[in-house]
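Visitor: Pasting a structure below so you can have a look.
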Amino acid sequence: VDVSPTQPLLAVASGEGLVFLIDLRDGRSVQTIDLWTGAGNTPHGLAFLNDGTLAILLGDGLVV
């Protein structure tokens, strides 16, 4: 879970390979990112960078 420093967005990762972007103003989901194409793509961490870019660490060590 992380909050964007530049936009009212919360990012939440699930064990099923999904990342949900939630609007903090009203709690609605604005986007779902589906990473699931195999066990290595399970998100193990995520963080918004200072410019608002979302970085996701995958189970196989890749960052997207």
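Visitor: Restricting attention to the range 47-64, which residues are of a type in the set (Val, Ile, Thr) and open to solvent by 50 Å² or more (accessible area, probe 1.4 Å)?
Guide: THR53, VAL63, VAL64
Visitor: Another one. Filter the range 14-64 for residues that are closer than 13 Å to ASP2 by Cα and among the β-branched types (Val, Ile, Thr) and give the result.
Guide: Hits for the range 14-64 are VAL19, ILE22, THR53, ILE56.
The values are calculated or read from the model by the stated rules, or taken from the named source; none is laboratory data. Computed from a predicted structure; not experimentally measured. These accessible areas exclude ligands, DNA and RNA; they are computed on the full protein's heavy atoms, side chains included. Shrake-Rupley method; radii C 1.70, N 1.55, O 1.52, S 1.80 Å.
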